[in-house]
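The structure under discussion appears below in the form of structure tokens.
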Amino acid sequence: SINFSAGPSALPPSVLAEATAGLLDFAGTGIGIAEISHRSKEFMAFLDETEALIREQLQVPSTHRVLFAQGGGTGQFAAVVLNLLARDVLVRPTLAEGEERVLDYVLTGSWSKAALKEAQQLTAALPGVRLNTVVDAKALSPNNAYDRTPPHSAYNFSPDPALIFYCENETVNGVQFSKASESDVVDETGFPFHLLPKGKLLPLVADYSSSFMSRPIPRLADHAVIYAGAQKNIAPAGLTILIVREDCLVDTAAAALLGAPPVPSVLSYKYLSDGKSVPNTPPVFSIYVAGLVLRRMKALGGLEAFEDVNRRKKESVYRAIREGEERGVFRGKGAGERGMKSLKGHRSVGGIRASLYNAVEEEEVEKLVEYMREFVEAETT
Ligand code: PLP
């Protein structure tokens with residue numbers, strides 16, 4: 001069957017076969033990957049290689065660490081607030097009269113709203129902390145829906161925020177920032193990097209859960225934190241990959257003594273980094289599959305090659321959608337008989353949703369497009 005699930009998502013069959021063998025014998029040790037010590041030299045070497053594969057393909061600069069965590073995207077909704085508030089408190093231990101610590105949120109869909117909600121509950125009782133909605137895309141849409149990125153003129157960034165949050169790809173709503181703003185040319189559908197406060201190390205946080213390793217990350221070096229649950233493009237659930245700039249690896253215990261909210265160790269970036277991503281037991285099997293997937297990516301031409309294939313997959317499906325729309329059709333039916341799974345839209349928005357993660361092959365997408373065209377024919381003739 002063809003799995004179009006939004007996550008956990010399809011993984012390459014060749015990797016799954018290799019991982020199955022690894023469950024019995026990891027790296028020639030005679031011990032399975034789920035059973036071997038995460039401190040063994042074999043596992044540590046594998047972890048280093050996995051990090052190197054990410055660094056190389058995304059061109060992560062030496063200012064940033066790659067960390068492996070647990071807790072998913074949802075864990076990071078809390079972790080980014082706690083670590084960046086601690087950073088702000090260490091930089092500015094006392095606030096002058098009228099001064100505040102502001103957390104800026106860009107709202108483009110369900111996940112950025114969920115992140116804002118988590119920030120609200122973590123900071124509600126803290127004096128001097130305020131949340132600012134930079135822009136709410138729904139309020140600007142003629143359909144009153146999260147169906148597009150907002151125009152740049154609508155953004156209202158704070159002058160000196162402690163955190164700036166955005167979600168690069170809103171998985172439920174299908175809203176993604178274009179990648180064009182990577183260059184100096186400003187593209188209205190890209191994230192407005194040119195409008196961010198200037199002259200400081202930006203506390204810019206991006207949720208890349210559903211687009212990580214599908215294409216290069218624009219302005220990676222300008223980010224404080226980039227995170228992604230691995231369960232879409234990379235591995236089974238349980239692993240969260242972080243790219244954290246070094247100034248965000250702060251002593252959260254010291255910040256707590258100055259009035260910042262206390263941070264549980266497993267959410268502290270410094271704790272994770274000091275412990276080389278294994279301060280406690282990591283999700284070894286997910287890391288193993290991640291490493292195998294990343295090795296395969298590199299062998300197949302790396303991130304740029306995947307970006308090209310992903311662009312073709314996307315364009316093909318959108319073309320078929322436009323054709324169907326022009327002829328007044330679209331409902332999801334009959335896909336099950338063709339072995340196409342998990343096409344039902346998210347429970348909050350309905351409709352159909354095809355997730356085209358890296359492991360979904362171009363030929364599989366073409367089968368979907370073919371079926372969409374057949375369906376339109378049958379409905380309109
Ligand atoms: N952010 C985005 C963009 C997501 O797509 C998801 C899950 O689908 C999440 C956050 C939540 O991630 P998790 O389920 O790993 O907590």
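Which of the residues belonging to segment 253-267 are under 19 Å from Ile164 (Cα atoms) and crowded, with 23+ Cβ neighbours inside 10 Å? Hit for segment 253-267 is Ala260, nothing else. Being within 16 Å of the ligand (Cβ to nearest atom) and over 21 Å from Thr171 (Cβ atoms) holds for only one residue in Gln121, Gln76, and it is Gln121.
So that you can scan it fast, the table gives a plain yes or no per residue for (1) of a type outside the set (S, T, N, Q); (2) more than 16 Å from the ligand (Cβ to nearest atom):
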residue	(1), (2)
Pro8	yes, no
Ala19	yes, yes
Phe26	yes, yes
Ser37	no, yes
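On the basis of being over 27 Å from Gly98 (Cα atoms), within 16 Å of the ligand (Cβ to nearest atom) and among the charged types (D, E, K, R), does Glu168 make the cut? The answer is yes for Glu168.
Looking only at segment 52-72, which residues are more than 16 Å from the ligand (Cβ to nearest atom), touching a residue at least 40 places away in the same chain (Cβ under 8 Å) and not polar (S, T, N, Q)? Matches in segment 52-72: Leu53, Ile54, Glu56, Leu58, Val60, Pro61, His64, Arg65, Val66.
Here Arg87 fits the description: more than 16 Å from the ligand (Cβ to nearest atom), among the basic types (Lys, Arg) and crowded, with 22+ Cβ neighbours inside 10 Å.
In contact (Cβ under 8 Å) with a residue 40 or more places away in the chain and within 12 Å of the ligand (Cβ to nearest atom) - does that describe any residue in segment 185-200? Within segment 185-200 (the criterion being in contact (Cβ under 8 Å) with a residue 40 or more places away in the chain and within 12 Å of the ligand (Cβ to nearest atom)), the answer is no, since none of the residues qualifies. Can you confirm whether segment 290-297 contains a residue that is within 16 Å of the ligand (Cβ to nearest atom) and without any contact (Cβ under 8 Å) to a residue 24 or more places away in the chain? No, every residue in segment 290-297 fails to be within 16 Å of the ligand (Cβ to nearest atom) and without any contact (Cβ under 8 Å) to a residue 24 or more places away in the chain. Filtering segment 235-245 to residues that are within 12 Å of the ligand (Cβ to nearest atom) and buried (at least 24 other Cβ atoms within 10 Å of the Cβ) leaves Ala235, Leu239, Thr240, Ile241. Scanning segment 133-157 for residues that are among the hydroxyl-bearing types (Ser, Thr, Tyr) and not in a strand (DSSP E or B) turns up Ser141, Tyr146, Thr149, Ser153, Tyr155. Looking across segment 70-80, the residues that are surrounded by fewer than 21 Cβ atoms within 10 Å (Cβ to Cβ) and in contact with a helix residue (DSSP H, G or I) (Cβ under 8 Å, 6 or more places away or on another chain) come down to Gln70, Gly71, Thr74, Gly75, Ala78. Based on this model, can you work out whether Arg130 counts as outside any loop (DSSP other than H, G, I, E, B), touching a strand residue (DSSP E or B) at 6+ places or on another chain (Cβ under 9 Å), charged (D, E, K, R) and more than 18 Å from Tyr227 (Cα to Cα)? So Arg130 fits the description; yes. Between Glu42, Glu49, Glu18, Glu97, the distinction of being more than 16 Å from Ser286 (Cα to Cα), surrounded by fewer than 19 Cβ atoms within 10 Å (Cβ to Cβ) and acidic (Asp, Glu) belongs to Glu97 only.
All of the numbers you see were taken from the coordinates with simple rules; none came from a lab. What you see is a predicted model, and the numbers here were worked out from it, not measured in a lab. Here the Cβ is made from the backbone with ideal geometry for all residues, glycine too, and neighbour counts use every protein chain on show.
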